[in-house]
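In what follows, a structure is listed as structure tokens, so that the remarks can point back to it.
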Amino acid sequence: QVQLVESGGGLVQPGESRRISCVASGNIRNVYTMGWYRQAPGEQRELVATITSNGSTNYGDSGKGRFTISRGKTTVYLQMNNLKPEDTAVYYCNAPFVKLSGGNYSYDLWGQGTRVTVSS
């Protein structure tokens, strides 16, 4: 079984920074693209950023400017700077394509999410 587990969320004040993390575990051989998405209450889930196994990044509108995505082999991070109240959301880790040690694949994996609340 392959799991994604996020961590690092919590209550932060506007203007502060926070780094959240995601770890993929299981019988993993390769994790290809990994990404961060977020969902605010009453809104659709939106892309924050993705990063390929080669380090190529792509940022959605919500992730441009203040956020930076990075990764290891089975980990992905999101550095969030100058946080604003509109950044309040549950942040989800995603791995759309994972090759397992047995040669099979897992598709479209999601973590449970970590909640980031930006408020004074």
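Scanning the range 62-86 for residues that are within 20 Å of THR33 (Cβ to Cβ) and modelled with pLDDT under 95, we see that the one that is farthest from the chain's Cα centre (by Cα) is LYS64.
Condition check ((1) in contact with a Cys (Cβ under 8 Å, 6 or more places away or on another chain); (2) closer than 22 Å to THR117 by Cα) across all residues:
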| residue | (1), (2) |
| --- | --- |
| GLY15 | no, yes |
| ILE20 | no, yes |
| ASN30 | no, no |
| GLY35 | yes, yes |
| GLN44 | no, yes |
| ARG71 | no, no |
| VAL76 | yes, yes |
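Given the criterion within 13 Å of the chain's Cα centre (by Cα) and either open to solvent by 30 Å² or more (accessible area, probe 1.4 Å) or among the polar types (S, T, N, Q) (or both), identify the matching residue among SER7, SER53.
Details: SER53 fails: within 13 Å of the chain's Cα centre (by Cα).
SER7 is the lone residue from the list that is within 13 Å of the chain's Cα centre (by Cα) and either open to solvent by 30 Å² or more (accessible area, probe 1.4 Å) or among the polar types (S, T, N, Q) (or both).
The residues listed here are SER70, SER101; of these, the one that is without any contact (Cβ under 8 Å) to a residue 40 or more places away in the chain and either open to solvent by 70 Å² or more (accessible area, probe 1.4 Å) or within 23 Å of GLY10 (Cα to Cα) (or both) is SER70. Checked against (1) over 17 Å from VAL2 (Cβ atoms); (2) part of a strand (DSSP E or B); (3) of a type outside the set (Phe, Trp, Tyr), ALA95 passes all but a single condition, namely (1). Quickly run through the range 1-25 and pick out the residues that are more than 15 Å from ASN94 (Cα to Cα) and either at pLDDT 95 or above or in contact with an Asp or Glu (Cβ under 7 Å, 6 or more places away or on another chain) (or both). Matches in the range 1-25: GLY8, GLY9, GLY10, LEU11, VAL12, GLN13, PRO14, GLY15, GLU16, SER17, ARG18, ARG19.
The values are calculated or read from the model by the stated rules, or taken from the named source; none is laboratory data. The shown structure was predicted, so the numbers you read here are calculated from the model rather than taken from an experiment. Glycine gets a Cβ as well: all are built from the backbone with ideal geometry, and neighbour counts include every protein chain shown. Surface areas here come from the heavy atoms of the whole protein model, side chains and all, with no ligands, DNA or RNA. Shrake-Rupley method; radii C 1.70, N 1.55, O 1.52, S 1.80 Å.
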